[in-house]
Each structure stands twice: as C-alpha cells, then as structure tokens.
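To keep things clear, I will list the structure first and then write my remarks on it.
Values in this text are rule-based calculations from the coordinates and carry no lab data. These figures come from a predicted structure and were not determined experimentally. When we count neighbours, we look across all protein chains shown, and the Cβ atoms used for this are built from the backbone with ideal geometry, even at glycine.
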Amino acid sequence: MEYEQVRNLLLQQWKYTAGPNESKASELYHDDVVLEFPQSDEWFEGKLNQQGWRERYPAKLDFQPQEIRGSGDLWIAEGLLSYDGGEPLHYVKIMQFRGDKVARETLYFADPFPAPEWRRPWASKGPRPKRHDDLPEHVIGGN
C-alpha cells in the first residue's frame, strides 16, 4: 500500500463510521478482519460483527487526524477523537493490510495529561509541528 491509498481509505472510513452508511466505512476491511481494543480486552472477528456495533454507535464522532505513516502492509494513524463534542482523546490506529484491505486493526485511546516538570529542560518549545498538510482538520463521522 502507498500513502495516498491509505489516506483515502481512512478519510472515507472516518466520514461514514458510526452511522447509517457504516457499510461504506467498512469497505477497507477484509471479511475476516480482526479488530482489537486491548485497553478494554475486546476483539471482534469479521467485518459483519464490527459493522453491527458501529452502525448502532451511540455518539457523534469528530476525528482530528494528525498523522498517517507506514509502508507496505503496516500503517499507523494518529489523531484526536471527540465523542458528542466532548474533550478530545488521543488515538493510535495500527492497521495490517493484506493486499488493499485491512486484515487486522488495533486501536488505542488515551486522555491527554500534563507533561512532568522534570522533563521540561529537554522538551522542544513552541507549538507542535503539523505533520501532514494534506489531512483535514476535522472529519465528522456518521454521514
């Protein structure tokens, strides 16, 4: 897979996930995909199981993609995600491709936290650099 292919698949998924067009969001997955949430100890086998709960998702999602990087069959997406307009969480999405579709995906989420004082002397100053200029600031899910 190439960056542009992965970017386009993810933008489509973020736009349509958690809504009536979940089948369109799920086009990037193989039928036998495995989705894992290690933090909640959940995993889902098969695109239909994943689609089933995502179609009934009870919140409005606002994705703020920040980075997509990888090569070949392994790609990672990072960003912020807000539920129903709440405070954003950080997410990391790890995707293993088989051909042009995802065969396995692992998702991690974390609340932001303040940096500890003891690291301050080594931290970079100023705003964090934008990592990709070709990613939208927001993608509202559920379309």
The answer for GluC sites (Glu not before Pro) in segment 90-140 that fall in a DSSP coil and have at most 14 neighbouring Cβ atoms within 10 Å is 137
FRET efficiency for residue 74 and residue 140 from the Cβ-Cβ distance with R0 = 25 Å, rounded to 0.05, comes out at 0.35
Simple spin-label estimate for residue 122/residue 67, 7 Å along Cα→Cβ, in nm, reads 1.7
Residues 75, 43 in order from fewest to most other beta-carbon atoms within 10 Å are 43, 75
Ranked by GNM mean-square fluctuation in the chain (Cα springs under 10 Å), the top entry among 111, 133, 41 is 41
Simple SL model, points at 7 angstrom along Cα→Cβ for residue 24 and residue 106; separation in nm is 3.2
Connecting every pair of Cα atoms under 10 Å apart in the chain and solving the GNM, the largest mean-square fluctuation among 125, 47, 24 falls on 125
Here the gain from full extension of residue 133 to residue 57, 0.36 nm per residue of separation minus their alpha-carbon distance, amounts to 24.4 nm
Cα gyration tensor of segment 40-141 diagonalised, 5x eigenvalues square-rooted, in angstrom largest first, produces semi-axes 28, 18, 15
Shape descriptors of segment 78-125 over alpha-carbon atoms, Rg and Dmax in angstrom, are 15.8, 46
For the pair residue 115 and residue 48, the simple spin-label estimate (label points 7 Å beyond Cα toward Cβ) gives in nm 5.0
